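See below for the structure under consideration.
The values are calculated or read from the model by the stated rules, or taken from the named source; none is laboratory data. In this text the structure is predicted, and so the values were computed from the model without any measurement. All Cβ positions, glycine included, derive from the backbone under ideal geometry; neighbour counts span all protein chains shown. We work out accessible area using only protein heavy atoms, side chains counted, and drop any ligands, DNA or RNA first. Shrake-Rupley method; radii C 1.70, N 1.55, O 1.52, S 1.80 Å.
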Amino acid sequence: MLTISFESLCLKDDDCPSATQPQGEEDEFDTDLESDEKEERNKEVSIAEGYLQACKIVGVVPVSYFMQNLESTTMTLTHRGLGPLGCKALAIALVTDMHIHTLELADNHIQAEGAKYLVEMLRANFTIKHLDLSNNCLQSAGAEYVAKMLLDNISLKSMKLSGNGFTDDDAKCFAESFSSNTRIKDLDLSHNEFCGKGGEHLGQLLANNEGLEALDLSWNHLRMKGAVAFCAGLKVNMMLKQLDLSWNGFGNEGALAMGEALKSNNTLVHLNLNNNRITNEGVSMLCRGLEFNDTLRVLLLAYNSITVEGALAMVNVVKNTPKTALEEINMCNVLVNENFVLLLEVTCQEHPGLDVQYGGVGGFIAKKPPKRVDPMKVIQDYLDQRKLRLWDFFRNIDKDGTMRVPVTDFRRAVQQSSIPLDRYQIEELIQRLDRDRTGMVDYRGLADTRKQMMRDHRRQLRKVESRQKKEKQKSDRILKTFQSAVEAVTPHSSMVISPGGGKEDSSGLQQFSATPLSSWHHIFMSNSSRYSITNLSNEHVHLPMLGGNTSYRATSSLAMRSYSQPNLLDDSPRSAHGKSTSAQRIRSDPEMRHSKLSPTANHLTRSRPALNAKQPEAKAKTKKVKKKKTKKHVKSSQNPAQPVK
C-alpha cells in the first residue's frame with residue numbers, strides 16, 4: 001500500500017496559479033481591503049484544489065459540501081461516510097486552513113486510522129478549537145492516538161468522543177493525558193463502556209485536571225464501585241461546573257458517595273442523575289451532602305425510583321438550608337400529594353427562585369396496614385395483669401373442668417368480659433381453637449401460647465436487628481471505600497516512616513525507610529526550603545542510622561537533597577535547645593561522626609516487640625546479646641586498629 005505523507009501531498013505555491021501576480025495597470029490602484037479579499041479568495045481556491053488533488057491521489061469521492069462552505073467557521077460533515085481514506089484527504093486539506101474553528105465529523109466510521117490522520121493534522125493546524133468525533137468506532141487504538149494528541153495540543157477547547165467503544169483501559173489513557181492538558185473545557189465521553197475500573201481512572205482524571213468545566217459520562221456502566229471511586233475524585237476537584245452522570249446505575253451506594261462529595265465540592269453547578277436506580281433512601285443520603293453545599297443550582301433526578309417521601313425530603317432540605325443555591329429540581333415522573341404542594345408553596349416563599357418539576361398531584365405515601373395483635377396474646381396479657389388463671393376465667397361456663405366449652409358460650413363469655421377484642425379477633429380465636437369445626441372450643445391451647453409468642457417475638461427482633469446491622473455495615477463499607485479512594489487521588493504533604501525490612505543488619509539495628517503514601521504523586525515532605533525531599537519514583541529512600549559504626553555516604557541523586565529525621569536521643573546536646581537532629585547535620589559534624597552511642601540508646605531504633613506470653617524470655621535473650629556486644633565494643637575502643645568482626 002502506498003503511504004503518502006502530508007509533505008508530499010501538500011500543494012506548493014508554484015503548483016497553483018497565483019492570482020496576486022500583476023495583470024494590468026488597474027491592479028496598481030487596488031485598496032488594501034480588496035487585496036485582503038483577494039488573498040482570502042485565493043486561499044479558499046488553493047484549499048479546494050488541494051482537497052480535490054488529495055481525493056484524486058487517495059482514491060475517494062470529494063465531498064461537495066466541504067468545498068461549498070469553506071467560508072464558514074463551522075464545518076459540519078456528519079453522516080457523510082468519509083471512512084479512513086476520506087478523512088485522510090480532508091486532513092490534508094485542513095493542514096493549511098486557518099478559517100475553520102469547529103469541525104464536526106460524527107458518524108463517519110473513520111476508525112483509528114482516520115483518527116491518526118486527524119491527529120497529525122492537528123499538530124500543524126492550531127485554528128480548530130472544537131472537534132466532534134462521536135460514533136466513529138475509534139476503539140482502543142483510536143483512544144491512544146487521541147490521548148497522545150491531547151498531551152501536546154494547545155488549541156482545542158472542546159471534544160466529543162461519544163459512542164466510540166472506549167473501555168476501562170482507555171479511561172486510563174485519558175486520565176494520563178488530561179493530567180497535563182488544562183485547555184480543554186468541555187469533554188463528552190458518553191455512550192461508551194466505562195465500568196468500575198474506568199470509574200477509578202476517571203476519578204483520577206477529575207482529581208488531577210484543572211481545566212475541565214463540563215463533563216458528560218452518561219450512558220456508561222460505572223455502577224457502585226465506579227461511582228464511589230469517581231465521586232472521590234469529584235470531592236477534590238475545583239473546576240468542574242457541569243456533570244452528566246445519567247444512565248449509569250449508581251444506585252443508593254453511588255448516591256451516598258455523591259452526597260459525601262457534595263459536602264466538600266464548591267464548584268459544581270449542574271448535576272444530572274437521571275435514571276440511576278436511586279430510591280427514597282438514596283435521596284435521603286444525597287440530601288445529607290446538600291445540607292453543606294452552597295453552589296449546586298440544578299439537580300436532575302427524573303426517572304428514578306422516587307416516591308412522595310423522596311420528593312418531600314428534597315424540598316425539606318431546601319427549606320431547612322438557608323445557604324442552599326438550588327434553583328431547579330427535576331422529578332418529572334413523581335406523583336406528589338397535597339402535603340407536598342403545601343410544603344413547596346411555603347418553601348418558595350423563602351426561596352422565590354426555586355423551580356421543582358413533578359409529575360402531578362395524585363400520589364400517596366404507601367403505608368402498610370396496621371398489623372392486628374394476636375388475640376391469644378391479648379388474652380394472656382389480660383390474665384397476667386389481673387393475675388388470673390385460664391380456669392378461673394372460664395369456670396363459670398366450664399363447671400366440669402374439662403377445658404372444653406361450646407363455641408356459643410365461649411363467644412358470649414369473651415364478649416361480656418373486658419378483654420379488648422373485636423369481633424374479627426374473636427372469630428379468629430375460635431377458628432384457631434376449634435380447627436376441626438366440632439362446635440367445642442378447647443381453650444387448653446391458650447396455655448401453650450406464651451412461650452411460642454415469646455419465641456416469635458425474639459425471632460422478629462433478631463430479623464430487624466440483623467437487617468439494620470447489614471445496612472449499617474454496607475454504608476460503613478462504602479464510606480470506608482470512598483475515603484480510601486479520596487486518599488488515593490489526593491496528594492499528601494507528608495511521608496510515613498515505616499520499618500524497611502524484617503531482617504537486621506550486621507550491627508543488629510533494623511533499617512527504617514521513608515515510603516511514599518502514593519506511588520503516583522510527587523510528595524513534598526516539608527514546606528521548609530532547608531529540609532525537603534521530592535520522591536519521583538517508587539523506590540524506598542533509606543535513612544542513615546544514628547547508632548551505626550559505618551559512616552554514611554551522601555548520594556548524588558537529584559531526587560534526594562536532604563533528609564529529615566526526628567531526634568531519637570534524649571541526651572543529645574541539640575535536644576536541649578528543642579531542635580531536631582537531622583541526618584545531614586550528623587554527618588557534617590565531626591564530633592558526632594566519631595562519637596560512640598551507648599548500647600541503651602541503640603534499642604530506640606528497633607521496632608517494638610510483639611506482646612505475647614513469651615515476652616520475658618525474649619527480653620532475657622536480648623539482654624545477653626547486648627552484653628556480648630558491649631564487650632566487643634569495649635575491645636574495639638581499646639584497640640582502634642583491630643577491626644571488629
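Selection over region 240-292 of residues that are aliphatic (A, V, I, L, M) and assigned to a strand (DSSP E or B) gives a count of 2.
For the residues ALA141, ALA112, ALA124, the requirement of being part of a loop (DSSP other than H, G, I, E, B) and aliphatic (A, V, I, L, M) singles out ALA124.
Do the conditions hold for ASN266, that is, is it within 20 Å of the chain's Cα centre (by Cα) and at pLDDT below 95? Here the answer is yes, as ASN266 does meet what is asked. I want to confirm something. Restricting to region 82-124 and keeping residues that are on the phi > 0 side of the Ramachandran plot and in contact with a His (Cβ under 7 Å, 6 or more places away or on another chain), which single residue is surrounded by the most Cβ atoms within 10 Å (Cβ to Cβ)? For region 82-124, the residue satisfying everything is ASP107. So how many residues does region 310-342 have that are under 16 Å from LEU290 (Cβ atoms) and either open to solvent by 60 Å² or more (accessible area, probe 1.4 Å) or not small (Gly, Ala, Ser) (or both)? Result for region 310-342: 18. Among all positions in region 228-237, there is at least one residue which is over 16 Å from GLY289 (Cβ atoms) and modelled with pLDDT under 95. Here the condition is being at pLDDT below 85 and over 21 Å from the mean Cα position of the chain (by Cα); of LYS503, LYS469, it holds for LYS503 alone.
If I filter region 403-435 down to residues being within 59 Å of the chain's Cα centre (by Cα) and more than 21 Å from ARG389 (Cβ to Cβ), which single residue comes out as most open to solvent (accessible area, probe 1.4 Å)? Looking at residues that are within 59 Å of the chain's Cα centre (by Cα) and more than 21 Å from ARG389 (Cβ to Cβ), I get ARG423. Restricting region 309-361 to residues that are farther than 27 Å from SER246 by Cα and among the acidic types (Asp, Glu), the residue that is farthest from the chain's Cα centre (by Cα) is GLU338.
Pairing each residue of region 285-312 that is closer than 23 Å to ILE365 by Cα and among the aromatic types (Phe, Trp, Tyr) with any residue that is open to solvent by less than 70 Å² (accessible area, probe 1.4 Å) and not in a loop (DSSP other than H, G, I, E, B), provided the two are 6+ apart or on different chains, yields C-beta distances under 9 Å for TYR303/CYS332; TYR303/ASN333. Could you tell me which of the residues GLY196, GLY251 is under 16 Å from the mean Cα position of the chain (by Cα) and within 17 Å of ASN304 (Cβ to Cβ)? Result: GLY251 is the single residue among GLY196, GLY251 that is under 16 Å from the mean Cα position of the chain (by Cα) and within 17 Å of ASN304 (Cβ to Cβ).
Within region 78-97, being free of Cβ contacts under 8 Å to residues at least 40 places away in the same chain and more than 19 Å from GLN53 (Cβ to Cβ) holds for HIS79, ARG80, GLY81.
When LEU296 is tested against the conditions (1) in contact with a Leu (Cβ under 8 Å, 6 or more places away or on another chain); (2) in a helix (DSSP H, G or I); (3) aliphatic (A, V, I, L, M), the lone failure is (2). Restricting to region 225-242, give me the number of residues that are within 13 Å of the chain's Cα centre (by Cα) and either hydrophobic (A, V, I, L, M, F, W, C) or within 23 Å of GLU327 (Cα to Cα) (or both). Here the count works out to 10. Name the pairs whose Cβ atoms lie under 9 Å apart, with the first residue in region 223-250 and at positive phi, the second open to solvent by 40 Å² or more (accessible area, probe 1.4 Å) and among the aromatic types (Phe, Trp, Tyr), and 6 or more positions between them or separate chains? So the pair list comes out as TRP247/TRP219. Against the criterion of being over 19 Å from SER64 (Cα atoms), surrounded by fewer than 20 Cβ atoms within 10 Å (Cβ to Cβ) and in contact with a helix residue (DSSP H, G or I) (Cβ under 8 Å, 6 or more places away or on another chain), ASN136 does not qualify. Of all the listed residues (ARG444, ARG477, ARG437), the sole one being at pLDDT 80 or above, in a helix (DSSP H, G or I) and of a type in the set (D, E, K, R) is ARG477.
Of all the criteria given as (1) in contact with a Phe, Trp or Tyr (Cβ under 8 Å, 6 or more places away or on another chain); (2) basic (Lys, Arg); (3) modelled with pLDDT of 90 or more, the one not satisfied by LYS319 is (1).
Of all the residues in region 164-190, those that are more than 19 Å from the chain's Cα centre (by Cα) and open to solvent by 20 Å² or more (accessible area, probe 1.4 Å) number 5. Of the residues making up region 382-402, those that are assigned to a helix (DSSP H, G or I) and open to solvent by less than 60 Å² (accessible area, probe 1.4 Å) number 6.
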